[in-house]
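In what follows, a single structure is set out as structure tokens and then discussed.
The values are calculated or read from the model by the stated rules, or taken from the named source; none is laboratory data. Since the structure is predicted, the reported quantities are computational estimates derived from the model, not experimental observations. Every residue, glycine as well, gets a Cβ built from its backbone with ideal geometry; the counts of neighbours run over all protein chains shown.
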Protein chains: 2
Amino acid sequence: MDFQSCFPVWNQLSAAQQERILGSLSERSVKKGALLHNGGADCTGLLVVRSGQLRAYILSEEGREITIYRLFDRDICLFSASCVMRSVQFDVTVAAEKDTDLWVIPAEVYRQLMEESAPLANYTNELMAGRFSEVMWLVEQVMWRSMDQRIASFLLEEAAIEGTNRLAITHETIANHLGTHREVVTRMLRYFRSEGMVELSRGVVELTDEAKLKALQRA
Amino acid sequence: MDFQSCFPVWNQLSAAQQERILGSLSERSVKKGALLHNGGADCTGLLVVRSGQLRAYILSEEGREITIYRLFDRDICLFSASCVMRSVQFDVTVAAEKDTDLWVIPAEVYRQLMEESAPLANYTNELMAGRFSEVMWLVEQVMWRSMDQRIASFLLEEAAIEGTNRLAITHETIANHLGTHREVVTRMLRYFRSEGMVELSRGVVELTDEAKLKALQRA
């Protein structure tokens, strides 16, 4: 996969603009668990995922986490370059969930191009609107859904991402995705087990009744 | 106040572009309580508040509400024109909290101008980033703050907006701002009263110990 194919507006940039992006682009490979961006103090630049998986999350003062969105192949992480927009008043942390290859466009290069190119500025708008939609979905989940429904949704989504019903994931990790405590997840998973929806073993959650989990999610 | 002063990028638009906005602009006056935009089916257009106060909120299937942001003089409501951005996948309802005078720019006119004008597209980006920041603040409140802290924050904010410690507001309205039930608000306000932080009478909440409310908010 080449870099250009990640940018739907590539052909609407001038040759000089394309040159400036390609000339400033760097490639990076990070291992699972690597911290790529750590809040507003960092101005990491625009991250473009070549292959792998990233997770963007926020942290409470006490160190609790909640996932706000995830990034897969070809996805672009705008908020790691949030320093280019002065109205962004929140801090996002970005970490690799899998070994990941990515391209980095320096924030300042991107800012300058966005300023002169209406197609790039509009594309950035669409990127932000997409992330905004994910956060609004999160607000709705947190406000209107119960924790059992949210855990069921998370397990089903995770199984779809991984392409398997046998998930190598700890209760702690699930809690960090959903912004809750490990004990809450453990209690709920034990209830799911008693209902035949999952099997539990050390570091593994196996989905054994997807239909029942989907019914719970929709309830 | 004239319309142009609400648009910091006005002078970066061409005379023809300015003309298209002014030529398509309409003025509207609405009464307190009026519904201005009702979710994704509507393509109301960009709302620019001349004077008054609007509230943007989301609704659950059961009719519960939560305020996601509020708009005051000179503020621009982007999501009432969200039909111009295909990546916006959520529905926002916008209602007048006070009698409000506003200008409306038709969504299609705005979309066309944004497509050709980098300054306008970048300005729109900043608008969206500002709203995004407010929603992220909301996520943090909902996730990490307790309901007593959120009610204390809301009362203090409301007192600042209204310029008085005597708020004409029902428990139901507070609940709708915060996405909770009236009973929860009533219980909490009675506790605040027992602690000397508020006085309650029919349809009125009076803040009697701001310092104590602020301490609770920060706790």
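Observations, loosely collected:
- Positions within the stretch A:12-53 being touching a Pro at 6+ places or on another chain (Cβ under 9 Å) and loosely packed, with under 12 Cβ neighbours inside 10 Å, in sequence order: A:Ser26
- Just one residue in the set B:Arg20, B:Arg50 is assigned to a strand (DSSP E or B) and either without any contact (Cβ under 8 Å) to a residue 40 or more places away in the chain or more than 25 Å from A:Phe132 (Cβ to Cβ) (or both); that residue is B:Arg50.
- Being within 11 Å of chain B (Cβ to nearest Cβ), touching a residue at least 60 places away in the same chain (Cβ under 8 Å) and assigned to a strand (DSSP E or B) holds for only one residue in A:Ile58, A:Ile66, and it is A:Ile66.
- For B:Ile169, the criteria (1) in contact (Cβ under 8 Å) with a residue 40 or more places away in the chain; (2) of a type outside the set (S, T, N, Q); (3) touching a Gly at 6+ places or on another chain (Cβ under 9 Å) hold in every case but one, which is (1).
- Qualifying residue in the stretch A:71-80 (condition: farther than 17 Å from A:Gly40 by Cα, of a type outside the set (A, V, I, L, M, F, W, C) and free of Cβ contacts under 8 Å to residues at least 12 places away in the same chain): no
- Residue within the stretch A:143-156 that is outside the structural domain of A:Phe72 (by TED's automatic domain parsing), over 30 Å from B:Glu65 (Cα atoms), of a type in the set (Gly, Ala, Ser) and under 18 Å from the mean Cα position of the chain (by Cα) present: no
- Some residue of the stretch B:73-81 being part of a helix (DSSP H, G or I), acidic (Asp, Glu) and surrounded by fewer than 20 Cβ atoms within 10 Å (Cβ to Cβ): no
- For A:Phe132: the one exception among (1) assigned by TED's automatic domain parsing to the domain that holds A:Ile76; (2) in contact (Cβ under 8 Å) with a residue 40 or more places away in the chain: (2)
- Pick from the stretch A:83-108, criterion in a helix (DSSP H, G or I) and touching a strand residue (DSSP E or B) at 6+ places or on another chain (Cβ under 9 Å), ranking: nearest to the other protein chains (Cβ to nearest Cβ): A:Val84
- Within the stretch B:9-33, the set of residues being out of contact with any Ser or Thr (no Cβ under 6 Å at 6 or more places or on another chain) and farther than 18 Å from B:Arg111 by Cα comprises B:Asn11, B:Glu27, B:Arg28, B:Ser29, B:Lys31, B:Lys32, B:Gly33.
- For the stretch B:118-140, the set of residues classified as farther than 20 Å from A:Met114 by Cα and more than 16 Å from the chain's Cα centre (by Cα) consists of B:Glu140 only.
- Checking the stated criteria, A:Ala121 turns out to be closer than 26 Å to B:Glu134 by Cβ, buried (at least 16 other Cβ atoms within 10 Å of the Cβ), modelled with pLDDT of 95 or more and within 7 Å of chain B (Cβ to nearest Cβ).
- B:Thr100 meets all of the listed conditions (1) crowded, with 17+ Cβ neighbours inside 10 Å; (2) touching a helix residue (DSSP H, G or I) at 6+ places or on another chain (Cβ under 8 Å) but one, namely (2).
Each row is one residue, and each column tells you yes or no for (1) within 14 Å of another protein chain (Cβ to nearest Cβ); (2) of a type outside the set (Phe, Trp, Tyr); (3) under 25 Å from B:Met143 (Cα atoms); (4) surrounded by 14 or more Cβ atoms within 10 Å (Cβ to Cβ).
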{"site": "A:Phe132", "(1), (2), (3), (4)": "yes, no, yes, yes"}
{"site": "A:Val139", "(1), (2), (3), (4)": "yes, yes, yes, yes"}
{"site": "A:Gln149", "(1), (2), (3), (4)": "yes, yes, yes, yes"}
{"site": "A:Phe154", "(1), (2), (3), (4)": "no, no, yes, yes"}
{"site": "A:Thr164", "(1), (2), (3), (4)": "no, yes, no, no"}
{"site": "A:Ile169", "(1), (2), (3), (4)": "no, yes, yes, yes"}
{"site": "A:Asn176", "(1), (2), (3), (4)": "yes, yes, yes, yes"}
{"site": "A:Met188", "(1), (2), (3), (4)": "no, yes, yes, yes"}
{"site": "A:Val198", "(1), (2), (3), (4)": "no, yes, no, yes"}
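- Flag if B:Gly40 is on the phi > 0 side of the Ramachandran plot, outside any helix (DSSP H, G or I) and within 14 Å of chain A (Cβ to nearest Cβ): no
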